[in-house]
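Any read-out appearing in this document is the output of simple, stated calculations on the displayed coordinates, not a laboratory observation. The structure displayed is predicted, hence computed values, not measured ones. Note that each Cβ is placed from the backbone with ideal geometry, even for glycine, and that neighbours are counted across all protein chains shown.
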Amino acid sequence: MSEMVRRNCERAGLGPLRAHRLRHALATDLLDRGVRPPEIAQVPRQRDLATTAVYAKVDRAALRELALPWPVAG
């Protein structure tokens, strides 16, 4: 599957994307929407929650340090 994703992304001009990156983006988005890991695992048909955890892993504390302050009008 990863090779098919890579070829189609390159053909679409998106650069070298692999299936892992798409799975990670989906799992992260579902987590942000409040979906629980067991339900996230059902989307790509993963049987082991440890596999889902690999894709749903996000270091939010590290990301907060990179975030710029919200601009204030006025």
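Residue pairs whose Cβ atoms lie under 8 Å apart, sitting 6 or more positions apart in sequence or on different chains, and linking a residue in the range 1-29 that is on the phi > 0 side of the Ramachandran plot and part of a loop (DSSP other than H, G, I, E, B) to a partner that is surrounded by 11 or more Cβ atoms within 10 Å (Cβ to Cβ) and hydroxyl-bearing (Ser, Thr, Tyr), do not occur here.
Within the range 30-41, the set of residues being assigned to a helix (DSSP H, G or I) and loosely packed, with under 12 Cβ neighbours inside 10 Å comprises ASP32, PRO38, GLU39.
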